[in-house]
Amino acid sequence: MAEIIIDVSGVWFSFNGQPVLQDVDLKVERGDFLVVIGPNGGGKTTLLKLMLGLLEPGRGAVRVFGRPPRKAAHRIGYVPQNVHINKTFPVSVIDVVLMGRLRTGRGWSGHSRQDRLAARAVLEQLGVWALHDRRIGDLSGGQLQRVFIARALVSKPEVLFLDEAMASIDTQSRSDFYEVLSELNRTVTIVAVSHDMMILSSHVKSVACVNRDLHYHGSGEITQEMLDAAYRCPVDLVAHGVPHRVLCRHEDSQDG
Amino acid sequence: MVEALQLEFMRNALAAGILASLVCGVIGTLVVVNRIVFLAGGIAHAAYGGIGLAFFMGWPYVAGTTGFSLLAAGVMAVVTLKAKHRADAVIGVIWAVGMAAGVILLDLTPGYNVDLMSYLFGSILAVPVSDLWQMGVVSAGVIAIVTWYYNDFLAMSYDDEFARLRNVPVTFLYCLLLGMIAVAVVMIIRVVGLILVIALLTIPPFIAEKFTGSLRAMMVISSVLSCLFTLTGLWLSYLLNLTSGATIILVAAGGFLLSAVWGRLKTMGRPDPIQEAPNSK
């Protein structure tokens, strides 16, 4: 049994009186590649922000490495949904990646030689070192995505969160991107939020469907039954070209 | 211009213009990239209330106006952090109320008629040496703070959510930035007027942003452009006998127009942004 590094228990969250998440439980083991799917407005991103500590649950508790998420910030990497934010900003690729090395923010904010070496190493690992002095606005979606992953990885996190990572890149770059994630998953736990079923390629190890409540499956496959439960309406199951596996029933109740 | 420099008030005007340009280049860059131009304008106009209060109460100008501006900046900080979606409306209210309060307080001040125009467009040709010292201290302070927190400011300006996740004290930095705007604005208003403050805070950084690859370079280029506009404007106003503050703004506007045309011509001849890196998989 692997170590549980993220523990979401009995979490409720409301926004302007509207319940977004109800009694959500989720445990993520070290080394997992978890994909959180669900309809728009179903609470996927909210769940992610709770796990990052950007939001506080109304009820229940979120623990990352046994501590409140903000206290574990140095062990977490985060790739935001919209990498096209602020594209006209005058900043180079290397400076964006170095943001991932900022420490507590007290005192001198300069970067050390180690910071620069770490940034170079991670850009080389992702195959975009050649772009390090380019301005961020000159990059394509796929390149930007790698730069943002580099920014998340440069602090050597043990868990990597990705929010709608597929939204910013074209179809051509996607298969490359799965390879990158799969490679990373050998050393880093990955939690990815996506409304795109395509991410459920053979690399994914478990799936959670979120639509106010959460259905977890410890397998990289989803079933019609899971989708119906999560979306509360018939959804076409996308074929992944992965051999179908026999799934056990959800442990939690399905009455929503 | 050489014979003009023989005059002490002209030398002081030059020094004041250069110091104001330094501060405006650094602060203006942060204002533009954080998209808080309206907020900075609000602080500058609300400062007028501080001027009125200082004269009415008989307080020293710097103490009264700085206190009032910091208060306005504090209210704006709270509003923009807590109720982002209505922040622009509240800033508009503070903007107008600050100015109106200033005018009324000056009306009520017995035996003293302050020229409103001199605070709108400044009186750069009448800067006493004591003001230059104050501006020097403020410039040095602003540059020291921004240098110390440079990478934190960069992270906050580019992606504040990520900066928070890295435990960058975003709220503190934001308040610090608004505080620096307030202090800088008060210091510069007396010299160049609040309209010129806003022009120098926005026009040079907006031009510089298009031609630079880093925030630091943007600050340096903005400061240099500010100096260029201020000195050219001063020289023209001396030659043509025009109001100096307004001339400086029109010179800056001319520079802005030129840069826009040049930028357009440059992008027309350039191929599309690169699609893939040479060594990416």
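The values are calculated or read from the model by the stated rules, or taken from the named source; none is laboratory data. Note that the structure is a prediction, hence the values are computed from the model and not measured. Ideal geometry is used to build each Cβ from the backbone, glycine not excepted, and the neighbour counts take in all protein chains shown. Side chains are part of the model used for accessible areas, which takes the heavy atoms of the whole protein and leaves out ligands, DNA and RNA. Shrake-Rupley method; radii C 1.70, N 1.55, O 1.52, S 1.80 Å.
A:Arg134 exposes around 80 Å² of accessible area when a 1.4 Å probe is run over every protein chain in place.
Between helix B:244-268 and chain B there is an angle of about 10 degrees, using the helix long axis and the longest principal axis of the Cα atoms. Using the alpha-carbon positions of chain B, Rg (one decimal) and Dmax (whole number) come out as 19.9, 77 Å.
Using a probe of 1.4 Å, the accessible surface attributed to B:Phe68 totals some 60 Å² when neighbouring protein chains are kept in position.
A simple spin-label model places the labels of A:Glu56 and B:Leu257 5.4 nm from each other, with each point 7 Å out along Cα-to-Cβ. Interface burial in the stretch A:87-104 reaches 30 Å² or more for A:Phe89, A:Pro90, A:Asp95, A:Met99, A:Leu102, A:Thr104, comparing the full protein assembly with the chain by itself; accessible area from heavy atoms with a 1.4 Å probe.
Going by accessible surface with a 1.4 Å probe and the largest first, A:Met51, B:Met99 read B:Met99, A:Met51. Which distance in Å, rounded to a whole number, links the C-alpha centroids of the stretch B:252-268 and the stretch B:88-102? The distance from the Cα centre of the stretch B:252-268 to that of the stretch B:88-102 comes to 33 Å.
Using a 1.4 angstrom probe on heavy atoms only, work out the carbon and sulfur share of the accessible area of the protein assembly as shown in %.
Details: 14620 of 24000 Å².
Heavy-atom surface of the protein assembly as shown belonging to carbon and sulfur, 1.4 Å probe: 61 percent.
Using a simple spin-label model with pseudo-atoms 7 Å out from Cα toward Cβ, B:Met57 and B:Asp88 lie 3.3 nm apart. Average 1/r across all pairs of distinct alpha carbons in the stretch A:1-83, invert it, and you get the Kirkwood radius: 13.3 Å. In this structure B:Tyr149 has an accessible area near 40 Å², from a 1.4 Å probe over the protein heavy atoms.
Coordinate range of the alpha-carbon atoms in the protein assembly as shown per principal axis, descending: 91, 52, 40 Å.
The residues of the stretch A:5-52 expose, per residue, 37 Å² of accessible area to a 1.4 Å probe.
Helix B:8-33 and the long axis of chain B differ in direction by around 40°, with both axes built from C-alpha atoms. In chain B, the DSSP-assigned H stretches of four residues or longer account for a calculated mean residue ellipticity at 222 nm of -26500 deg cm²/dmol, using -39500 (n - 2.57) per stretch and the full residue count as denominator.
Rounding to the nearest 10 and keeping the result within 0 to 90°, find how far the Cα-based axis of helix B:194-209 lies from the longest principal axis of chain B. Approximately 20 degrees, to the nearest ten.
Checking every one of the chymotrypsin sites (Phe, Trp or Tyr not before Pro) in the stretch A:51-109 against DSSP loop status and a limit of 14 other Cβ atoms within 10 Å picks out A:Trp108.
Residues of the stretch B:107-156 buried by at least 40 Å² of accessible area upon assembly of all protein chains, compared with the chain on its own (1.4 Å probe): B:Trp148, B:Asn151, B:Asp152, B:Leu154.
Within the stretch B:71-203, the ratio Rg/Rh, alpha carbon atoms throughout and Rh by Kirkwood, equals 1.02. Across the protein chains, with a 1.4 Å probe defining accessible surface, the residues B:Ile18, B:Ile203, B:Ile43 rank B:Ile18, B:Ile203, B:Ile43 from largest area downward.
Distance distribution note for the stretch A:4-231: the fraction of Cα pairs above 25 angstrom is 40%. Accessible surface ranking for A:Lys205, A:Lys49, B:Lys84, A:Lys71, 1.4 angstrom probe, highest first: B:Lys84, A:Lys71, A:Lys205, A:Lys49. Straight-line reach from B:Lys210: taking Cα to Cα under 19 Å and skipping same-chain neighbours fewer than 8 places apart, the lysines in range are A:Lys87, B:Lys266.
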